[in-house]
Each structure stands twice: as structure tokens, then as C-alpha cells.
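Have a look at the structure below, then the notes.
Quick note: the coordinates plus some simple rules give every number you see, no bench work behind them. Quantities reported herein were computed from a predicted structural model and do not represent experimental measurements. All Cβ positions, glycine included, derive from the backbone under ideal geometry; neighbour counts span all protein chains shown.
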Amino acid sequence: MLHLGLVGYPLEHSLSPKIHTAALRECGLDGDYSLFPIHPDDEDGLKDLLARVRSGEITGINVTIPHKQNVIPFLDELTPTAEAIGAVNTIYLRDKRLIGDNTDADGFLLDLKRFIGNRESKIANQKSALILGAGGSARAVVYALINDGWNLAIAARRIEQAQELASYYNDVESIELTSKIQSFEFRLVVNTTPIGMIPNINQSPWPEGLQFPHQAMIYDLVYNPRETKLVKDGCAAGLSATTGLGMLIEQAALSFEIWTGCNPSRDILFASINQ
Ligand code: NAP
């Protein structure tokens, strides 16, 4: 029997149990996926949970806000991806060692490629992207895009946060998230801020009154609501735009494969969240 789960805080609205329960069923595996809400200040709670993975009682756990960095000191090893991103979203035991991995970057890139589809060859020489926000998910997105050959600029309301993230890479620009972003021309805009998330569904991270870059594609990591204001405004301006639901599914499927060796059908995982 496999015991899987998610640690974070708060977790009430998490879609992960539905996704992973569907994956277990599809792969014919006996198991469950539990939520472990652990308060940001509860270091002992976090250590106790990790001890249950170390003992083999729990097969694997996903990690979300606010623990993606908090867990690192209690692990034995990080994969190169988790190390480069500086955050962990997947934990498992291998050869008695507690390993921290990160599937957000690959999950984002796989879904971005699905979204770009047959436009990929057309933009081959114009891979320039603007990242809105410079928090935890921006780290995974920047890592993924740099490795896929994109030129990047990071826009954050605190310029020093954008500068700090940009400093890990060569030739990544940092700008304030204001109308200053107008002076750049991008083929892709990625929102990594929580702006527009339920309940603030009438908000958009895109500065008011500013035109979108000509021919840009918009990828909004926010997936709750299913259509964000940024996505709606982008579509209304004639652009292609998507939320991050596909990334959520991909990162979950990649974690599931790490724990079980089974690669679940994405269609079945998508269907599970509408049930
Ligand atoms: P985070 O670490 O808290 O980072 C959020 C970033 O957004 C920070 O740079 C923050 O700046 C900025 N920000 C927050 N409110 C802002 C505002 N009102 N105006 C301008 N900037 C603002 O959060 P995260 O983990 O990156 O998550 C961000 C969003 O991505 C969440 O909605 C999350 O659900 C979503 N997400 C989706 C997926 C997926 O699979 N689709 C995966 C990961 C995350 P400050 O530091 O100045 O506040």
C-alpha cells in the first residue's frame, strides 16, 4: 500500500488529492494521498512528517507554500534541479537517503510546449520572455526557460527581488513591475505572481492601460479561477493565453512517476479535477 501526500499551509483548496487518487487508480496501484497542513512556524511538525518518509511509512510527499525551502535543511540530498532552483516540491527515500526534487520546472516547460504547439518553429529566433514576479515559482520558471534557450527579463514590484533572481544567470534583465515594461518587446509573458487568484479574480498583474506586446503569448501560472483576468484580457486583445492548470497536472504526474514508476494519462488527470 502506497502512502503519498502533500505538505503545505493552508491546503483546503488543493486539487492534488483528486489528481493523485486518479493516478493511483489509473496505474492500478493500492494507495492514498493525504493532506498534511503544517503551520509555517511548526518546525517539529515538519521534522516528524519527514521522519515518517525516512522510516518508509510514507512513500513520498509533495511540498507547497510555505515549505518549499523550509524542508531543505532536513533532507540528505537535493537533485541538481532542486539545487539549481533552490526549492523542493517532491520528497522520497532512495538508498536510505531522503531526496528533495523539483518537478515544477519540467512541469511548466512540458505544458508551455503543449501551449506553444506548432508555433514553436516560428518563434525559434525570437525566444524572449517577460516573467512577472520573482518568488518561488518564478525560480522554477526562470530555470526552465533559460535551459530552453529563452532570453529573459524579470519584472517584480520589489526590483531587488528581481535583481537577486536575475543574478544567478547571465544576461537576465530585471525591471520594476510598472509601465516600464512597455519598452520591451516579448513573445511570451509568464505571470508567476498570485494576482488574479480567487478571491481577487478582478485583478491582473498587467499594468492597467498598458497594451500587451504585439504577438505575445500569455502563460498565467494561476489556475484558480479556470480563466483569470489576465487570460481574459489577453484573449480579448487577440493573443493566445492559458492558465497554469496544465502545469499543475504535469508537475503532479512527474512526481507520481518518480514515486511509483508509472506515467499516468494526462487526460485522466485533467478529468479528475472536474469531478
Ligand atoms: P511566492 O513565492 O509568494 O511569490 C509571489 C511573487 O509575486 C513575489 O515576487 C511577490 O512579490 C509577487 N507578488 C505578490 N503579490 C503581488 C502584487 N500584488 N503585486 C506585485 N507582485 C506581487 O508565490 P509562488 O509560489 O511563486 O506562487 C505564485 C502563484 O503561482 C500562486 O498563485 C500559485 O498558486 C501559482 N503557482 C502555480 C503553479 C502551477 O502548477 N500552475 C505552481 C506554482 C505556483 P513580494 O515578495 O513583493 O510579495
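Of note:
- Conditions (1) out of contact with any Asp or Glu (no Cβ under 7 Å at 6 or more places or on another chain); (2) within 16 Å of the ligand (Cβ to nearest atom); number of the one not met by Leu78: (2)
- Selection from the stretch 221-262 of residues that are without any contact (Cβ under 8 Å) to a residue 40 or more places away in the chain, over 19 Å from the mean Cα position of the chain (by Cα) and part of a loop (DSSP other than H, G, I, E, B): Ala237, Gly238, Leu239, Gly261
For (1) within 30 Å of Thr178 (Cα to Cα); (2) buried (at least 17 other Cβ atoms within 10 Å of the Cβ); (3) touching an Asp or Glu at 6+ places or on another chain (Cβ under 7 Å), each residue gets a yes or a no:
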{"residue": "Ile91", "(1), (2), (3)": "no, yes, no"}
{"residue": "Leu98", "(1), (2), (3)": "no, yes, yes"}
{"residue": "Asn118", "(1), (2), (3)": "no, no, no"}
{"residue": "Arg139", "(1), (2), (3)": "yes, yes, no"}
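- Only one of the listed residues (Lys47, Lys18) is in a helix (DSSP H, G or I) and more than 22 Å from Gly107 (Cα to Cα). That residue is Lys47.
- Residues satisfying the stated conditions in the stretch 242-275, i.e. within 14 Å of the ligand (Cβ to nearest atom), in contact with an Asp or Glu (Cβ under 9 Å, 6 or more places away or on another chain) and aliphatic (A, V, I, L, M): Leu245, Met247, Leu248, Ile249, Leu254, Leu269
- Subset of the stretch 147-163 [away from the ligand (no atom under 12 Å from the Cβ), outside any helix (DSSP H, G or I) and of a type outside the set (Asp, Glu)]: Gly149, Trp150, Asn151, Leu152, Ala153
- Selection within the stretch 110-146 - free of Cβ contacts under 8 Å to residues at least 40 places away in the same chain and away from the ligand (no atom under 16 Å from the Cβ): Gly117, Asn118, Glu120, Ser121, Lys122, Ala124, Asn125, Ile146
- Number of residues in the stretch 141-183 that are over 24 Å from Asp111 (Cα atoms), of a type in the set (A, V, I, L, M, F, W, C) and surrounded by fewer than 20 Cβ atoms within 10 Å (Cβ to Cβ): the value is 3.
- Within the stretch 232-267, the residues that satisfy the criterion of being surrounded by fewer than 15 Cβ atoms within 10 Å (Cβ to Cβ) and in contact with a helix residue (DSSP H, G or I) (Cβ under 8 Å, 6 or more places away or on another chain) are Cys262, Asn263, Ser265.
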